[in-house]
1. Checking the structure you have, find out if any residue of region 175-191 is touching a residue at least 24 places away in the same chain (Cβ under 8 Å), under 21 Å from Met103 (Cα atoms) and buried (at least 16 other Cβ atoms within 10 Å of the Cβ).
2. Being within 15 Å of Ala151 (Cβ to Cβ), over 14 Å from the mean Cα position of the chain (by Cα) and not small (Gly, Ala, Ser) is the filter here; which residues of region 198-215 pass it?
3. Identify, please: which residue in region 141-156 is in contact with a helix residue (DSSP H, G or I) (Cβ under 6 Å, 6 or more places away or on another chain) and not in a loop (DSSP other than H, G, I, E, B) and is, among those, surrounded by the fewest Cβ atoms within 10 Å (Cβ to Cβ)?
4. Which of the residues spanning region 202-229 are without any contact (Cβ under 8 Å) to a residue 60 or more places away in the chain and surrounded by 19 or more Cβ atoms within 10 Å (Cβ to Cβ)?
5. Given the criterion surrounded by fewer than 20 Cβ atoms within 10 Å (Cβ to Cβ), closer than 14 Å to Leu102 by Cα and acidic (Asp, Glu), identify the matching residue among Glu232, Glu248.
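The values are calculated or read from the model by the stated rules, or taken from the named source; none is laboratory data. Note that this is a predicted model, so its numbers are computed, not measured. Cβ placement follows ideal geometry from the backbone for every residue including glycine, while neighbour counts extend to all protein chains displayed.
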Amino acid sequence: MLAAPSNLRHPTKTTFLLPLSTFLIVVLASCSLPTKLPTPTINFASSSSSSTISESAAIVGEDIGGRMPTTEESTSTGALAERFLPGGILELGQSDAPATLLMFTEHHCSYCREFLSEILPRLKAEFIDTGKLKLQIAMLTIEKYPESNSAALGFLCAGKMEKGYAMHQALFGNPNKSPDAVLSYANDLGLNVKTFQSCVSGSGAALWLGSQEQWAENLGVSVVPAFFLNGEKFVGLPYYPDLEGKIEGTLKESKE
């Protein structure tokens, strides 16, 4: 197994560890999900094509492009604007931010938890609150964790009910991620428990999760955390100065 470069800390494996010796540039337009998964388009675009992860990508045969979908739901988590995009993606930050950081994560992953507790607050202060970056969160479950699926479904349904980020924090902050525990977190967040239960047990959330996992597979993502910064793929927990430099470089390119 090749050693990870010095600017990445060890990732959590889903199946096997990809060599990390070279950063890959991934154009999302080349990836699409099988049409058998009837999930709505996931839109990563802002008003400028230079600020998108890709100018055109297909999720279940539906293109990503143009502008934010009119069906998005928006709320506020402190200073963080929160939107639930079609397809189950949770977006934090201003929708017209010139840089987009897409993250595949899982709620048992210690490195993903470290991103939430140590890196995200700095990203928020420096880039998200200033309107330069938006963060999009997608799920990738891990088979060795029996409660990975229930946590992911709980996150998706809380996002649909405008408490996605709060549930994200609750799931990382509590070791118990059983269906009953996730339901108790929903109750603590003031969500309608009956509606939440219906969502978790329904087909919609399962389709969101299945399409995100298929999408991750098509992109070659088998390790969490995994990131795409305006199309540039990197895996594992980065050191903040390295991530900061990548974002600043992306912002500079968006102005050229």
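1. yes
2. Cys199, Val200
3. Looking at the filtered set, the residue picked out is Ser150.
4. none
5. Details: Glu248 fails: closer than 14 Å to Leu102 by Cα.
Residue meeting the stated conditions: Glu232.
Rundown of residues vs (1) within 25 Å of Cys157 (Cβ to Cβ); (2) surrounded by fewer than 24 Cβ atoms within 10 Å (Cβ to Cβ), yes/no style:
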| site | (1), (2) |
| --- | --- |
| Asp96 | no, yes |
| Met103 | yes, yes |
| His108 | yes, yes |
| Glu118 | no, yes |
| Pro121 | no, yes |
| Lys124 | yes, yes |
| Asp129 | no, yes |
| Lys132 | no, yes |
| Ala138 | yes, no |
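One line per residue, one yes/no per condition, for (1) over 28 Å from Ser178 (Cα atoms); (2) modelled with pLDDT of 95 or more; (3) part of a helix (DSSP H, G or I):
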position	(1), (2), (3)
Gly87	no, no, no
Glu91	no, yes, no
Ala97	yes, yes, no
Phe104	no, yes, no
His107	no, yes, no
Arg113	no, yes, yes
Leu120	no, yes, yes
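Residue by residue, here is whether (1) under 30 Å from Ile247 (Cα atoms); (2) modelled with pLDDT of 95 or more holds:
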| residue | (1), (2) |
| --- | --- |
| Gly159 | yes, yes |
| Leu171 | yes, yes |
| Leu183 | no, yes |
| Gln197 | no, yes |
| Gln214 | yes, no |
| Asn230 | yes, yes |
| Lys233 | yes, yes |
